[in-house]
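Structure, as C-alpha cells:
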Amino acid sequence: MNLQAVRSIYTFEMARARRTLLQSVVSPVISTSLYFVVFGAAIGSRISHIEGISYGAFIVPGLIMLMLLTQSVSNASFAIFFPRFSGTIYELLSAPIAYYEIVIGYVGAAATKSIVLGLIILATAGFFVPLEIAHPLWMLAFLVLTAVTFSLLGFIIGIWADGFEKLQLVPLLIITPLTFLGGSFYSVDMLPPVWQTVTLFNPVVYLVSGFRWSFYGISDVSVTASLLMILVFLTLCLGLVAWIFKTGYRIKP
C-alpha cells in the first residue's frame, strides 16, 4: 500500500477541516445543541421518562446519530466532488496510487471528522443531562462503523452528483427525514402497532437503536439486527465504490 499517498490525501482533507473550523465543527455543535434544548424543553416537559430514562438523556444518542449521518455524507461527498468539479481528480487518477488508497484517504478523513464531532457533541450533552454509557466499547464500535459506512455513501454521492445542488439532495430529502422517523426522538414502542411494523423498514431505526443500546442497554430492535444492518450497508457501499472505479463511472472521460 502507498502509505505516503494515503497520508497526503488524509492530511489535506483534515487541514481543510481546520481551515473551516467554524463550518466544520462549531456550526454542527450549535445546531445539535439547539435541537437538544428545543426538543428537551418542549417535549421533555410532557414526556418525563422513556423506559426509565429521562427524555433529555434518551434523545442524546439520536442527536449524535443525526449529526453523524449527515456530516459523514456531507464531508465525504464534497471532498471528492470538488476535485471532479475543478478537474484535479485527473491528476490523482494518473498518479501511482490504487483506487482503494484514494478511498481510504478521503473516506478516512471524512469519518475521522464525523467521529471527532460526535465525541464533541457527546461531551457537550453532558452539560445538559447526566449521561451513562453502559457499553463504551460497543458505543465506539457503532460510532466508527456508522461514520465509515456513511462516509462511503457520501463518497458515492460525490461521484454521482453533477452539481452542488445534488450534493444536498440525498442528505436533505432522504437521510434527515429517515433519521427523524427512525426513533431518534422517541421509542418505536410508543407508536401504534401498524406504524411499528412500517418503521422497521427504515434502516436508520437499526442504527439509532443499536447506538442507544450501547448507552442505556435498551433498544427497539435486537443488537444483532442493528450490527447486521450496518455491516450489510457497509458491504453494499464497498461494492458500489469498487464498481465505480472498475467502470470509471463519472470519473474518467
Would you confirm whether any residue within region 230-248 is within 26 Å of residue 132 (Cα to Cα) and touching a Gly at 6+ places or on another chain (Cβ under 9 Å)?
yes
If you scan region 196-226, which residues turn out to be in a helix (DSSP H, G or I), free of Cβ contacts under 8 Å to residues at least 40 places away in the same chain and not β-branched (Val, Ile, Thr)?
196, 203, 206, 209, 225
Selection count where residues are out of contact with any helix residue (DSSP H, G or I) (no Cβ under 9 Å at 6 or more places or on another chain) and of a type in the set (Phe, Trp, Tyr), scope region 217-253
1
In this structure, does residue 141 turn out to be in contact with a helix residue (DSSP H, G or I) (Cβ under 9 Å, 6 or more places away or on another chain), closer than 20 Å to residue 6 by Cβ and in a helix (DSSP H, G or I)?
no
Within region 174-195, the count of residues that are more than 12 Å from residue 61 (Cβ to Cβ), among the aromatic types (Phe, Trp, Tyr) and either assigned to a loop (DSSP other than H, G, I, E, B) or in contact (Cβ under 8 Å) with a residue 12 or more places away in the chain (or both) comes to 2
Among the residues of region 136-159, is any more than 24 Å from residue 62 (Cα to Cα) and out of contact with any Phe, Trp or Tyr (no Cβ under 6 Å at 6 or more places or on another chain)?
yes
The condition of being assigned to a helix (DSSP H, G or I), without any contact (Cβ under 8 Å) to a residue 12 or more places away in the chain and aliphatic (A, V, I, L, M) holds, among 147, 57, 123, only for 123
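Laboratory data are not the source of any read-out in this text; all were calculated from the coordinates shown. Computed from a predicted model, the values in this text were never measured in an experiment. Note that we place each Cβ from the backbone using ideal geometry, even for glycine, and neighbour counts take in every protein chain shown.
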